[in-house]
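Below you'll find the structure, written out as structure tokens, and then a few comments.
The values are calculated or read from the model by the stated rules, or taken from the named source; none is laboratory data. Predicted model, so just to flag it, every value in this text is computed and none were measured. Note that each Cβ is placed from the backbone with ideal geometry, even for glycine, and that neighbours are counted across all protein chains shown.
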Ligand SMILES: Cc1ncc(C[n+]2csc(CCOP(=O)(O)OP(=O)(O)O)c2C)c(N)n1
Ligand code: SF4
């Protein structure tokens, strides 16, 4: 009996992510879903600027590399010119929730039929651990050495809940990549987000709570626990919007 | 050949349609609003897509996405919006994706004003965004040229896999003139091999401007530099009464029309003057100017700016003759009398 195997569309390249970083799980889930839904041949992915910028080396499909924060606008351009393609962008929280806020909000509001994977690790990974808009209260980063203080740096932003209020959004979910159970749920949400695009129902986003052991300054196992302890109180899991007639696939 | 009376902005739009462009992404700004309004009507009729983006940043990145699929894509704006587009233009140039960008210039800096201007010459011809890159820059001076050069802009963009900019001003866009339109036939343009449209049985493709290895990035820059060198062959210009001219005026776009009128008047008065009008600003007609510098006694560059193209004229003339400058701003055109006075002054030197 085959229990697990490497997704066909995942290349033999070694991940460039740090050891124990759950970006690797997010990447794998996207690859698995593309395989299972048979979409890989017609897919165009958009690379954001962040630790996932090397994604094109790992998933064997067409890619465009976007400027920092603009991945969703690039994805919109592709989808409008090539409606028959499956178009997705894979963005970090700095990319999507800070510099790319306008692009994501308006892609969502227009109901552009693209799929967004939003990796929220509450920090800027690639640039070495600065505060992100998603950094939680009290979290220390290189630019909030004393911990994020809402009086000075404001509050963390819940993008997926915000986006789910927009009529153009067909599917909006938050999952976590820190336990087998959560990963199984994440997998279903990732598939659903592609199915929603295939059906032409509108904009779909899956936020994945992810670790950054390197910049959080903890071991990978401790980082998994920190998602439960530090992130879940600010970022509850669940599906905030599901198209009519579709069942929920994430149980909290 | 059919001749119709058309507004400049409409001619540009029809030129794009005739060239097979079916995708437009933009954000409103004066003085180019008539162009998107016209395309908002015409593109859906032609089976294309018109999308008003959330900003010029959004628009130019949609251009990057749509043009990466191998389609002909247009965006248009004016100074402040073109500044916002620069990040995207740099990525588009770095990724070697063809597209056409229209800048209907207005006066700056900052919010400036909405009157015609030529103050974005540096921005257009030097790249404008970060990194070593160039955009092809075309400067139409009539409604007919708005139509013809738009088609050329798409052809050049495709030929060099490079963004092409059309640099115009509000007067040109609003002006009505007769235009000869090409017979409307569906142009068959194959989708280029580099386009990303899903692998569809082939190998995965990547459109990128990222080269993390120093050697690879240098090789990429050298490749781009060779391309820009090759683009020099696309230089285009018009000369008017330059054969025996002692003073050669240099002007482009709407300003060249005003100057041409003044040159005609000067000739009536017996002044030996002529005009060189660059049609491409990048590449710049340096060689043509250099040739004229062998016998002309002086040059006078006239711009709707405080002096930008004049730098390129000086580089081309290379000290062989004096180069003087006359510039106006704020949307104010010089009168013929003022230009005559400038010519007389330049000829006295
Ligand atoms: C315009 C611009 N500003 C800043 C940067 C530098 N930069 C690169 S990645 C990054 C943030 C990445 O963080 P995130 O999106 O959270 O992704 P992660 O690396 O954590 O996966 C920044 C600020 C850039 N490349 N471009
Ligand atoms: S820096 Fe952080 S987010 Fe980036 S790969 Fe390393 S652990 Fe992952």
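In the set A:147, A:138, A:100, only one residue is closer than 26 Å to residue A:233 by Cβ and within 14 Å of ligand 1 (Cβ to nearest atom); that residue is A:100.
Scanning region A:142-174 for residues that are crowded, with 20+ Cβ neighbours inside 10 Å and assigned to a loop (DSSP other than H, G, I, E, B) yields A:148, A:156. You will find that of B:125, B:150, the residue that is closer than 26 Å to residue B:188 by Cα and either buried (at least 24 other Cβ atoms within 10 Å of the Cβ) or modelled with pLDDT of 95 or more (or both) is B:150 and no other. For region B:48-58, a residue qualifies if it is surrounded by 24 or more Cβ atoms within 10 Å (Cβ to Cβ) and more than 8 Å from chain A (Cβ to nearest Cβ), and exactly one does: B:56. Out of everything in region A:1-38 that is within 14 Å of another protein chain (Cβ to nearest Cβ) and in contact with a helix residue (DSSP H, G or I) (Cβ under 7 Å, 6 or more places away or on another chain), what residue ends up being nearest to ligand 2 (Cβ to nearest atom)? Among those that are within 14 Å of another protein chain (Cβ to nearest Cβ) and in contact with a helix residue (DSSP H, G or I) (Cβ under 7 Å, 6 or more places away or on another chain), it is A:16. Each residue in region B:73-129 was checked for being closer than 15 Å to residue B:163 by Cα and not in a helix (DSSP H, G or I), and 18 of them qualify.
Which of the residues spanning region A:110-141 are crowded, with 24+ Cβ neighbours inside 10 Å, part of a strand (DSSP E or B) and within 16 Å of ligand 2 (Cβ to nearest atom)? Of everything in region A:110-141, those that are crowded, with 24+ Cβ neighbours inside 10 Å, part of a strand (DSSP E or B) and within 16 Å of ligand 2 (Cβ to nearest atom) turn out to be A:117, A:118, A:119, A:120, A:123, A:124. With the condition kept exactly as written, say whether any residue in region A:183-192 is in contact with a helix residue (DSSP H, G or I) (Cβ under 8 Å, 6 or more places away or on another chain), more than 16 Å from ligand 1 (Cβ to nearest atom), touching a residue at least 60 places away in the same chain (Cβ under 8 Å) and under 20 Å from residue A:104 (Cα atoms). Scanning region A:183-192 turns up at least one residue that is in contact with a helix residue (DSSP H, G or I) (Cβ under 8 Å, 6 or more places away or on another chain), more than 16 Å from ligand 1 (Cβ to nearest atom), touching a residue at least 60 places away in the same chain (Cβ under 8 Å) and under 20 Å from residue A:104 (Cα atoms). Among the residues making up region B:61-100, those that are over 12 Å from residue B:157 (Cα atoms), facing chain A (nearest Cβ under 8 Å), in contact (Cβ under 8 Å) with a residue 24 or more places away in the chain and buried (at least 24 other Cβ atoms within 10 Å of the Cβ) are B:61, B:62, B:63, B:64, B:66, B:68, B:69, B:88, B:91. Scanning region B:333-342 for residues that are without any contact (Cβ under 8 Å) to a residue 60 or more places away in the chain and assigned to a loop (DSSP other than H, G, I, E, B) turns up just one, B:335. On inspection, residue A:50 qualifies as at positive phi, more than 9 Å from chain B (Cβ to nearest Cβ) and within 12 Å of ligand 2 (Cβ to nearest atom).
Within region A:86-95, the set of residues being away from ligand 2 (no atom under 15 Å from the Cβ) and more than 9 Å from chain B (Cβ to nearest Cβ) comprises A:88, A:89. Against the numbered list (1) assigned to a loop (DSSP other than H, G, I, E, B); (2) more than 16 Å from ligand 1 (Cβ to nearest atom), residue A:211 comes up short only at (2).
When region A:66-90 is filtered for residues that are under 16 Å from the mean Cα position of the chain (by Cα) and either in a strand (DSSP E or B) or within 11 Å of ligand 1 (Cβ to nearest atom) (or both), the ones remaining, listed by number, are A:66, A:68, A:69, A:70, A:71, A:87, A:88, A:89, A:90.
To keep it simple, each residue is scored yes or no on (1) within 14 Å of chain A (Cβ to nearest Cβ); (2) modelled with pLDDT of 95 or more.
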{"residue": "B:135", "(1), (2)": "no, yes"}
{"residue": "B:141", "(1), (2)": "no, yes"}
{"residue": "B:171", "(1), (2)": "no, no"}
{"residue": "B:177", "(1), (2)": "no, yes"}
{"residue": "B:192", "(1), (2)": "yes, yes"}
{"residue": "B:206", "(1), (2)": "yes, yes"}
{"residue": "B:215", "(1), (2)": "no, yes"}
{"residue": "B:240", "(1), (2)": "no, yes"}
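Among the residues of region A:96-104, is there at least one that is free of Cβ contacts under 8 Å to residues at least 60 places away in the same chain, within 16 Å of ligand 2 (Cβ to nearest atom) and under 18 Å from the mean Cα position of the chain (by Cα)? For region A:96-104, residues free of Cβ contacts under 8 Å to residues at least 60 places away in the same chain, within 16 Å of ligand 2 (Cβ to nearest atom) and under 18 Å from the mean Cα position of the chain (by Cα): present.
Given the condition away from chain A (no Cβ under 14 Å), under 30 Å from residue B:3 (Cβ atoms) and either in contact (Cβ under 8 Å) with a residue 40 or more places away in the chain or within 28 Å of the chain's Cα centre (by Cα) (or both), answer yes or no: does some residue in region B:223-231 qualify? No.
The single condition among (1) surrounded by 16 or more Cβ atoms within 10 Å (Cβ to Cβ); (2) at positive phi that residue B:270 does not satisfy is (1).
When region B:108-118 is filtered for residues that are crowded, with 24+ Cβ neighbours inside 10 Å and at pLDDT 95 or above, the ones remaining, listed by number, are B:117, B:118. Here residue A:41 passes the criteria (1) within 12 Å of chain B (Cβ to nearest Cβ); (2) in a helix (DSSP H, G or I); (3) away from ligand 2 (no atom under 12 Å from the Cβ); (4) within 19 Å of the chain's Cα centre (by Cα) except the one numbered (4). Kindly indicate whether residue A:107 is facing chain B (nearest Cβ under 10 Å), in a helix (DSSP H, G or I) and within 18 Å of residue A:194 (Cβ to Cβ). Yes, satisfied. Taking the stated definitions as given, is residue B:299 surrounded by 20 or more Cβ atoms within 10 Å (Cβ to Cβ), free of Cβ contacts under 8 Å to residues at least 40 places away in the same chain and outside any helix (DSSP H, G or I)? No. When region A:214-252 is filtered for residues that are within 15 Å of ligand 1 (Cβ to nearest atom) and in a loop (DSSP other than H, G, I, E, B), the ones remaining, listed by number, are A:217, A:235.
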